[in-house]
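> Quick one: this structure, given as structure tokens, is what I'll be asking you about.
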Amino acid sequence: MTAPLVDISSISHRFGQHTVLKDVSLQIEPGSYTILLGPSGSGKTTLLSILGGFVTPSEGKVFIRGEDCTSVPPAKRPTTTVFQDYALFPHMSVGSNVGFGLRMQGVDGATRAAKARDALALVGLAAAFDKKPHQLSGGQRQRVALARALVIEPAVLLLDEPLGALDLKLRRQMQDELKAIQKRVGTAFIHVTHDQEEAMALADHCVVMNDGRIEDEGPPERVYHRPATRFSATFMGESTILAGTVTETKDRTSTVATPVGPVSLPGALPVGAAVVLAIRPEHLVLGEARGGVRLGTAGVSDVVFQGSFKRVLAVSVEDPSLHFIARLPATATVRPGDTVAVSCDTDQIILLTD
Amino acid sequence: MRKVVRIASWLYALAVYAFIFLPVVVLVLFSLQATSFPIPPFTGPSLRWYDAVLSDTRLTSALVNSLLVASISSLAAVTLGFLCAWGFARFVLPGSGLLRGLITLPLTVSYLIIGMGLLVLFNWAGVPKSLLAAGIGHVVINLPLCFAIIYSQMGNHQINIERAARDLGAPEWKVLLLITVPVMAPAIFAGFFLSMTFSWDEFVISFLLTRFGTTLPVEIWNLLRSGLNPKTNAVGSLVFAVSIVLVVLFELTLLRRRKA
């Protein structure tokens, strides 16, 4: 077990009366791609600013490569940031932009130019060396900002919603490239986004944040399939949420009473405990009850065709406050107004701690 | 009816422009007079009075003085104004609004009052009447102007650019010199040229604060005391020409800024 590259230890931060980070601890491994995922106001950008040195936390410490960097200014810490608006220097050529960090380190002109060219080649923009930033498209500026931040070989690269300003197609394309570039340079990337698809596509380590706290963290597959909290079950992908009370525990199986009938779960839970269950849309079965667990019947309220699948919203007949979200094959024949039986498999039910 | 309105509006426009520009036109026209009095009939064109101006060492040295005072005081005003603007734009200061108001206040105070105040102050401090004193006076009137122009152009979008430079290892003075100043260059030049224009034309403060070596407007006033002649017209036309050049430079730098 090597020491973590970045160790964020019990960070809290307040802006005036408003607490934006509440006792956050996080460790980043060398060479990993970490995504901070959360809605706006969740504190993810503040956490990134603290890592970059632009904000000094009210409490707690930040260690990078084992050194206390909590109040080290941005210029002196081994991090660089790719800003959301790219923040290229408009009066300098692309080559000078990329070479700026090396120039500040006192690297001579020829070496600087060579390294800047290499960095631009890495992001696929070798031809832009002599251009001015305003001559480039949004996606190209993004790459220049990336090259400029990478060329000084930081220990950690921080990306603040780097794909936020790009259109969807370009965003997916840049997403793949970011991942490829990260693998090639081997630098740890920490990337802030509110786009859960981006998070799943890029992250080795996904950190779900809400209201100044870390709700859940881990590999994206784990966070998706076994979310720890109700928030991460609904923010990282969608879920049908079912509340219930444990009525019986026998042979390592618990029975939970829910508005749509009893549900059996593996594991011994204390009788009488209130629990929250989540089911991912692709695990709900509508129509004939093939699944092991019956979840009553529901009236289909909306069917949205999404190309490769249909997203179906249905309201439980037994409990009208319960909304099912299901994902059916594009060939499914359900229509709004249909009444269907709902079921799922026992092992697809996620027990949330919240 | 419509035609009448059109003609009337044209006539009105013509009258307004004549009202504004006729004095200057007359000044320039009679600077080209061939005879000794700047009154009709026009006897020119002739450049003899320009020749007289340029061979008058008092006028030419006043011209050089004016240029020196204008350029050095403008340089000082624009530098100080830029630093003020940067400070107000980038740092949270207590009473920022009030302080900004105070810094631009001299724009509303008459030059006479500022000149008198400086006269009293310099007397008390033992600073002799000189071009330096007049130059300091010009910094007092132009610093608020430079501050206002530069501050208005210093938007939040440059904050991240400066942060990026810091993030890449630039110490604060390099951020200012290599990033902020070049990015703000149009506003800085605009402030500089407008200061030059005002300093170049300024009479009251220069009159109060200089004695032997003085600026061109004061020298022209001296000349006028012995009555009008085409030579005063010629030197006035020269002053006007320089002002035009400076204003055009100001407009160009500001326009370029808008396009970018």
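> Please state which of the following conditions B:Trp200 fails to meet, knowing it meets all the rest: (1) within 29 Å of the chain's Cα centre (by Cα); (2) more than 7 Å from chain A (Cβ to nearest Cβ); (3) free of Cβ contacts under 8 Å to residues at least 40 places away in the same chain.
With respect to (1) within 29 Å of the chain's Cα centre (by Cα); (2) more than 7 Å from chain A (Cβ to nearest Cβ); (3) free of Cβ contacts under 8 Å to residues at least 40 places away in the same chain, B:Trp200 is out only on (3).
So that you can scan it fast, the table gives a plain yes or no per residue for (1) free of Cβ contacts under 8 Å to residues at least 60 places away in the same chain; (2) under 30 Å from B:Val127 (Cα atoms); (3) small (Gly, Ala, Ser); (4) part of a helix (DSSP H, G or I):
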| residue | (1), (2), (3), (4) |
| --- | --- |
| B:Pro38 | no, no, no, no |
| B:Pro45 | yes, no, no, no |
| B:Arg100 | yes, yes, no, yes |
| B:Ile103 | yes, yes, no, yes |
| B:Gly115 | no, yes, yes, yes |
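> Does A:Ser232 qualify as being among the polar types (S, T, N, Q), crowded, with 20+ Cβ neighbours inside 10 Å and in a strand (DSSP E or B)?
No: the conditions fail for A:Ser232.
> Yes or no: the stretch A:48-59 includes at least one residue that is hydrophobic (A, V, I, L, M, F, W, C) and more than 25 Å from A:Val98 (Cα to Cα).
The answer is no, given that none of the residues of the stretch A:48-59 is hydrophobic (A, V, I, L, M, F, W, C) and more than 25 Å from A:Val98 (Cα to Cα).
> With the checklist (1) under 28 Å from the mean Cα position of the chain (by Cα); (2) surrounded by 18 or more Cβ atoms within 10 Å (Cβ to Cβ); (3) free of Cβ contacts under 8 Å to residues at least 24 places away in the same chain; (4) within 12 Å of another protein chain (Cβ to nearest Cβ) in hand, flag the one item A:Ser96 doesn't pass.
(1)
> In the stretch A:174-214, how many residues are farther than 24 Å from A:Ala121 by Cβ and without any contact (Cβ under 8 Å) to a residue 12 or more places away in the chain?
The number of residues fulfilling the criteria is 1.
> Mind listing just one residue for me: the one in the stretch B:193-233 that is closer than 17 Å to B:Pro38 by Cβ and in a loop (DSSP other than H, G, I, E, B) and, of those, modelled with the highest pLDDT?
Per the criteria, the residue is B:Arg225.
> Could you please find all residues in the stretch B:68-98 being of a type in the set (A, V, I, L, M) and touching a residue at least 12 places away in the same chain (Cβ under 8 Å)?
B:Leu68, B:Val69, B:Ala70, B:Ile72, B:Leu75, B:Ala76, B:Ala77, B:Val78, B:Leu80, B:Ala85, B:Ala89
> Given the conditions (1) part of a helix (DSSP H, G or I); (2) farther than 25 Å from B:Ser237 by Cβ; (3) out of contact with any Asp or Glu (no Cβ under 9 Å at 6 or more places or on another chain), report the number of the one that B:Gly137 does not fulfil.
(3)
> As an exercise: evaluate A:Pro227 against (1) assigned to a loop (DSSP other than H, G, I, E, B); (2) out of contact with any Asp or Glu (no Cβ under 7 Å at 6 or more places or on another chain) and give the number of the one condition it does not meet.
For A:Pro227, the exception is condition (2).
> Could you please find all residues in the stretch A:105-114 being within 14 Å of another protein chain (Cβ to nearest Cβ) and surrounded by fewer than 19 Cβ atoms within 10 Å (Cβ to Cβ)?
A:Gln105, A:Gly106, A:Val107
Residue by residue, here is whether (1) within 20 Å of A:Arg327 (Cβ to Cβ); (2) in contact (Cβ under 8 Å) with a residue 24 or more places away in the chain; (3) out of contact with any helix residue (DSSP H, G or I) (no Cβ under 6 Å at 6 or more places or on another chain) holds:
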position	(1), (2), (3)
A:Asp216	no, no, no
A:Thr240	yes, yes, yes
A:Thr247	no, yes, yes
A:Pro266	no, yes, yes
A:Ala274	no, yes, yes
A:Leu277	yes, yes, yes
A:Val285	yes, yes, yes
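> How do the pairs read when you match residues in the stretch B:213-226 that are touching a residue at least 60 places away in the same chain (Cβ under 8 Å) and at negative phi with residues anywhere that are surrounded by fewer than 18 Cβ atoms within 10 Å (Cβ to Cβ) and of a type in the set (Gly, Ala, Ser), using Cβ under 8 Å and keeping only pairs 6 or more apart or on different chains?
Every condition considered, the pairs that remain are B:Gly213/B:Ser61; B:Gly213/B:Ser130.
> Right, next: If I ask for residues that are surrounded by fewer than 23 Cβ atoms within 10 Å (Cβ to Cβ), small (Gly, Ala, Ser) and within 7 Å of another protein chain (Cβ to nearest Cβ), which ones from the stretch B:140-191 would you list?
The answer is B:Gly169, B:Ala170.
> Still on this structure: Considering only the stretch A:64-81, how many residues are within 14 Å of another protein chain (Cβ to nearest Cβ) and surrounded by fewer than 19 Cβ atoms within 10 Å (Cβ to Cβ)?
Qualifying residue count for the region: 5.
> When the residues of the stretch A:122-170 are filtered to those that are assigned to a helix (DSSP H, G or I), buried (at least 16 other Cβ atoms within 10 Å of the Cβ) and not hydrophobic (A, V, I, L, M, F, W, C), which remaining residue is farthest from the other protein chains (Cβ to nearest Cβ)?
A:Gly139
> Please verify whether the stretch A:45-52 includes one or more residues that are more than 24 Å from A:Lys76 (Cβ to Cβ) and touching a residue at least 40 places away in the same chain (Cβ under 8 Å).
Among the residues of the stretch A:45-52, not one is more than 24 Å from A:Lys76 (Cβ to Cβ) and touching a residue at least 40 places away in the same chain (Cβ under 8 Å), which makes the answer no.
> So, A:Phe89, is that one facing chain B (nearest Cβ under 8 Å), in contact (Cβ under 8 Å) with a residue 24 or more places away in the chain and either of a type outside the set (Ser, Thr, Tyr) or within 24 Å of A:Val144 (Cα to Cα) (or both) or not?
yes
> Quick one: would you say A:Ala119 is small (Gly, Ala, Ser), surrounded by 17 or more Cβ atoms within 10 Å (Cβ to Cβ), away from chain B (no Cβ under 11 Å) and touching a residue at least 12 places away in the same chain (Cβ under 8 Å)?
Criteria met by A:Ala119.
> Among the residues of the stretch B:201-260, which ones are of a type in the set (Ser, Thr, Tyr) and buried (at least 18 other Cβ atoms within 10 Å of the Cβ)?
If the condition is that a residue be of a type in the set (Ser, Thr, Tyr) and buried (at least 18 other Cβ atoms within 10 Å of the Cβ), then B:Ser206, B:Thr210, B:Thr214, B:Thr215, B:Thr232, B:Ser237, B:Thr253 are the ones that fit.
> Considering only the stretch B:148-161, I want to know if a residue exists there that is more than 11 Å from B:Phe82 (Cα to Cα), outside any helix (DSSP H, G or I) and touching a helix residue (DSSP H, G or I) at 6+ places or on another chain (Cβ under 6 Å).
No.
The values are calculated or read from the model by the stated rules, or taken from the named source; none is laboratory data. Predicted model, so just to flag it, every value in this text is computed and none were measured. As a convention, Cβ positions derive from the backbone with ideal geometry for all residues, glycine included, and neighbour counts pool all protein chains shown.
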